[in-house]
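The values are calculated or read from the model by the stated rules, or taken from the named source; none is laboratory data. Everything numeric here is computed off the predicted structure, so don't read it as measured data. Glycine gets a Cβ as well: all are built from the backbone with ideal geometry, and neighbour counts include every protein chain shown. The area values use the complete protein model at the heavy-atom level, side chains included, leaving out ligands, DNA and RNA. Shrake-Rupley method; radii C 1.70, N 1.55, O 1.52, S 1.80 Å.
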Amino acid sequence: MLCRVGQIRRCAASLNQSINQIAASRQKHTLPDLAYDYGALEPHVSAEIMQLHHSKHHATYVNNLNVTEEKYQEALAKGDVTAQVSLQPALKFNGGGHINHTIFWTNLSPNGGGEPQGELMEAIKRDFGSFQKMKEKMSTATVAVQGSGWGWLGYEKDSGRLRIAACANQDPLQGTTGLIPLLGIDVWEHAYYLQYKNVRPDYVKAIWNIINWENVNERLQMARK
Amino acid sequence: MLCRVGQIRRCAASLNQSINQIAASRQKHTLPDLAYDYGALEPHVSAEIMQLHHSKHHATYVNNLNVTEEKYQEALAKGDVTAQVSLQPALKFNGGGHINHTIFWTNLSPNGGGEPQGELMEAIKRDFGSFQKMKEKMSTATVAVQGSGWGWLGYEKDSGRLRIAACANQDPLQGTTGLIPLLGIDVWEHAYYLQYKNVRPDYVKAIWNIINWENVNERLQMAKK
């Protein structure tokens, strides 16, 4: 009898450990596919840039994010605060890089450009005066980024208003400012240099031709919920 | 008699104003020439990169620095603190960019590479254990810069020791950390992307082939005074 109880206890303990491991195991982050070919955004963004940007830069953020989260899990499990804090920059950098680029690819489309419609257009007119004014304000803020970073059109939940913001490096908009990201423009030099060289303003001007306003509108609807 | 005194007084006042204006007028900053042709650093850094880097990027920092200092002088003259503070980012960015690149061009030479000699080599061995260890430490710190920035070998006056440091964007080493800059490696993407694409480590590895150790040694001698 006691022998059987012991067996059951050990079996339960082993099951418990397996359940904990499954509960603790993360789904690894993965590089999302683009909805279009690398060359589909030409002549506004070259195929060479799109390929490097997606398959090298974004892929590296994904891989490094997974490594960092793995290490973070270990540090968390041990309650090691020092280790957790030391991992923060890598988490923000690679995690932000993954978030930002995942949004960015959906913000672009070979069928993009023109002007937004519906609720998004109404919100833009209300909060900026006109679509043209929003474009100018966002372009100016984006070009003005010192070093590497992103320009953003974001949604401010408290006020229900659209806002323009810029973030440094891969700092994610929502985690950094609370704004919900709707549309981002990457102005790290890798996003444009092979094609536009140092002339960042030309790239920012060109990218309006491939903005997927349907996607931006969808993000606004999601943000409002 | 009184008429003459009045004339002399007005003349003195006018002279005084001219003297003040001359005293207050700045010499504009200028783009320094390279000591070598744009193509001279190949195959380690391409001619195309050198031309854009010097004649576009550095030139822009120089121009914008002059504009910023002009505005700053006006704000200073009025005692307008708010305006001065608002000009600080542009001053650090463009001023740092000018300082950093001016040092950088002298740190490189088509006859560079190999190993340092004399006092510099002694200091490196003393503070890092070996030249190889210093190269590894500096390369690691430089590659690890998140976003845009520079890796530096600097001189710490208080201790008389050599230090490795990294700075973000165009933050100048001395103004930011107090270390005297001896050797910098630019890892803004514009410094390497056209040639090395996303593979920053390959660029950092290659640049050791063109380091002008005589210049670095000269800077160390100057720093020690």
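The figures follow:
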read-out	value
Residue ID - nearest to B:Ile49 (Cα to Cα), chosen from residues in the range A:175-184 that are in contact with a helix residue (DSSP H, G or I) (Cβ under 8 Å, 6 or more places away or on another chain) and buried (at least 16 other Cβ atoms within 10 Å of the Cβ)	A:Gly184
Counted residues, the range A:200-214 - those being touching a His at 6+ places or on another chain (Cβ under 7 Å), closer than 17 Å to A:Trp150 by Cβ and open to solvent by 10 Å² or more (accessible area, probe 1.4 Å)	1
Residue selected from the range B:112-125 under the condition closer than 14 Å to B:Ile164 by Cα and out of contact with any Leu (no Cβ under 6 Å at 6 or more places or on another chain), by the criterion surrounded by the most Cβ atoms within 10 Å (Cβ to Cβ)	B:Ile124
Condition check for B:Leu87: outside the structural domain of B:Lys205 (by the TED database), crowded, with 16+ Cβ neighbours inside 10 Å, in a helix (DSSP H, G or I) and touching a Ser or Thr at 6+ places or on another chain (Cβ under 7 Å)	yes
Filtered residues of the range B:168-184 (kept if outside any loop (DSSP other than H, G, I, E, B) and either in contact (Cβ under 8 Å) with a residue 24 or more places away in the chain or away from every other protein chain (no Cβ under 11 Å) (or both))	B:Leu173, B:Gln174, B:Gly175, B:Thr176, B:Thr177, B:Ile180, B:Pro181, B:Leu182, B:Leu183, B:Gly184
Residue ID - farthest from the other protein chains (Cβ to nearest Cβ), chosen from residues in the range B:27-39 that are without any contact (Cβ under 8 Å) to a residue 12 or more places away in the chain and open to solvent by 40 Å² or more (accessible area, probe 1.4 Å)	B:Gln27
Condition check for B:Glu42: among the acidic types (Asp, Glu), open to solvent by 80 Å² or more (accessible area, probe 1.4 Å) and over 21 Å from the mean Cα position of the chain (by Cα)	yes
Selected residue [more than 11 Å from chain A (Cβ to nearest Cβ), in a helix (DSSP H, G or I) and either open to solvent by less than 60 Å² (accessible area, probe 1.4 Å) or touching a Leu at 6+ places or on another chain (Cβ under 7 Å) (or both)] from B:Glu69, B:Glu74, B:Glu48	B:Glu69
Tabulated pairs, the range A:42-68, first within 17 Å of A:Asn100 (Cα to Cα), second assigned to a helix (DSSP H, G or I) and hydroxyl-bearing (Ser, Thr, Tyr), C-beta under 6 angstrom, 6+ apart or interchain	A:Met50/A:Tyr38; A:Gln51/A:Tyr38
Filter result (part of a strand (DSSP E or B), facing chain A (nearest Cβ under 10 Å) and surrounded by fewer than 20 Cβ atoms within 10 Å (Cβ to Cβ)) within the range B:145-162	none
Selection count where residues are within 10 Å of another protein chain (Cβ to nearest Cβ) and open to solvent by 20 Å² or more (accessible area, probe 1.4 Å), scope the range B:185-199	4
Number of the exception - A:Gly154 against (1) modelled with pLDDT under 95; (2) within 13 Å of the chain's Cα centre (by Cα)	(1)
Candidate set: the range B:91-142, residues that are not polar (S, T, N, Q) and not in a helix (DSSP H, G or I); chosen: the one farthest from B:Leu220 (Cα to Cα)	B:Pro110
